[in-house]
Amino acid sequence: MDEREKRAYLRRLPSVEEVLRQLALKDPVSPPPRAVWVDSVRQVLERRRQRILGAGKGEELEETSGNLSEILSEVMAMASWRLRPHLRRVINATGVVLHTNLGRALLSKGALDRLLEVGGHYSNLEYDLENGSRGSRHVHVEGLLCQLTGAEAAMVVNNNAAAVLLALNTLAEGKEVIVSRGELVEIGGSFRLPDVMRKAGAQLTEVGTTNRTHLSDYEGAIRSETALLLKVHASNYRILGFTAEVSLVELAVLARRYGLPVMEDLGSGALVDLSRRGLQKEPLVMESIKAGADLVTFSGDKLLGGPQAGIAVGRREYIGRLKGNPLARAVRVDKFTLAALEATLRSYLDEDEVWEEIPALRMLALTQEELRIRAEELVAQVRERARDRLLVSWEEGYSEAGGGSLPLVEIPTIVLAVSSRFMTAEAMEERLRAHDPPVLGRVKGDRTLLDLRTVLEGELKELADALIHLASEDP
């Protein structure tokens, strides 16, 4: 294509104003703001302009390069894409219940209702209605946390790492903290406990070996500079074989003898016995308090099934010192976290109903029979409409709790196995991610696996539609 031909093609392109006039005539139901229209038109026209200018010698362009109808469709698609929220809902078919990358625990209906009420109105966040004076935001959940855990006092910060940081800075800044070498964990995002301790201003004293630590190791390390004995629950790993660890009860007795506080970081922090529903038992927060821990920290968005939060419960003396630390303001939670957490905690007042009310617990407790019924219905729907373009069946598999909870525990589940003669498993997985809403599964060999444990009941039709749409796409 020579320069003369390129100029001819460029002259066929409509002006920005002409495209905008035609868009106004189309009168879409919910038109984007004018700034979005203008920017989208400019980008589409510039893209076509560059395509013309970049055409090589002898290369032919489509006669429709300046077609106004096509340009309008492209502009509307671009504007729609630009207005789409970046943080979006996805269908989690990975089988990981507390998937960190997908937002961890889903909130209960009660928690969502409270968010709407508190977010849409003024609230008594820091106002004492009884006395007509300024109040504390801690009071909204402190009573519930004490009732559920048996602790004397409680407070909430923005995540568990912040709770650990605040506690160590408050109780051990400039002093030593004794911890077993086998409990120096690294959590998601490469955050390591020793690094958190250093940032808190505490000095780390490691005792024991990776696999075996004895009470005498702790006692031998205690000196005048020691401020705290720390126990960390191995929430995201297990050391197996020739092992030994000191129980919290033993550690608490030792701490009392030397006038030291003992703190336990539980990580996930369960409030109900998971073994009641056939899952591996996780240590309960109330058990740690009963065993003698002066301070216990845990997450709100893992096994508790609430919003992201770091919770500290324990003796009134130590919680009071945490609340008085200037860092507490830097890591404090907002009204939305408190509203959702309060509703979540209220669900735990009924130990039977909580398994239905908290989505994370409900998913973890789903039986294979319940999942199999869902799978059979989905397979029938997809086979009827996808014909031979998709091969869909169900089979047994394993889910994970995720979020550093129940490590090494494989939870029996039912998965949909999807394959095609027209595209690879990787191509199917990519197209499902591009669907609206995106569907996230996992690839195994030449098949895409979709775990139904983490697909909400209201999303089953959407999942079927996504698979049927996948079958209709060109290879």
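Here are a few things to note about the model shown:
- Yes/no for LYS323 being touching a His at 6+ places or on another chain (Cβ under 7 Å) and charged (D, E, K, R): yes
- Segment 14-28, subset closer than 12 Å to MET76 by Cα and free of Cβ contacts under 8 Å to residues at least 40 places away in the same chain, residue surrounded by the most Cβ atoms within 10 Å (Cβ to Cβ): LEU20
- Flag if ARG198 is over 30 Å from ARG88 (Cα atoms) and of a type in the set (Lys, Arg): yes
- With a requirement of 2 or more residues that are over 19 Å from THR344 (Cβ atoms), assigned by TED's automatic domain parsing to the domain that holds VAL333 and in contact with a Ser or Thr (Cβ under 9 Å, 6 or more places away or on another chain), the strands (runs of 3 or more DSSP E) lying completely within segment 219-308 that satisfy it span 226-232, 262-267.
- Among (1) more than 20 Å from VAL331 (Cβ to Cβ); (2) among the small types (Gly, Ala, Ser); (3) over 28 Å from the mean Cα position of the chain (by Cα); (4) surrounded by 20 or more Cβ atoms within 10 Å (Cβ to Cβ), the one test that GLY182 misses: (3)
- The one condition in (1) over 24 Å from ILE468 (Cβ atoms); (2) out of contact with any Gly (no Cβ under 8 Å at 6 or more places or on another chain) that SER405 fails to fulfil: (2)
- Qualifying residue in segment 227-237 (condition: surrounded by 19 or more Cβ atoms within 10 Å (Cβ to Cβ), in contact (Cβ under 8 Å) with a residue 60 or more places away in the chain and farther than 19 Å from ARG257 by Cα): yes
- Matching residues, segment 31-54, being touching a residue at least 24 places away in the same chain (Cβ under 8 Å) and not in a helix (DSSP H, G or I): PRO32
- Where THR413 falls short, out of the listed (1) modelled with pLDDT under 95; (2) in a strand (DSSP E or B): (1)
- Scan of segment 102-156 for residues that are farther than 23 Å from VAL313 by Cα and among the acidic types (Asp, Glu), ordered by number: ASP113, GLU117, GLU130
- For segment 317-348, a residue qualifies if it is without any contact (Cβ under 8 Å) to a residue 40 or more places away in the chain and either among the hydrophobic types (A, V, I, L, M, F, W, C) or closer than 26 Å to SER399 by Cβ (or both), and exactly one does: ALA330.
The values are calculated or read from the model by the stated rules, or taken from the named source; none is laboratory data. Everything numeric in this text was worked out from a predicted model, so none of it was measured. Quick reminder, even Gly has a Cβ in these numbers, built from the backbone with ideal geometry, and neighbours come from all protein chains shown.
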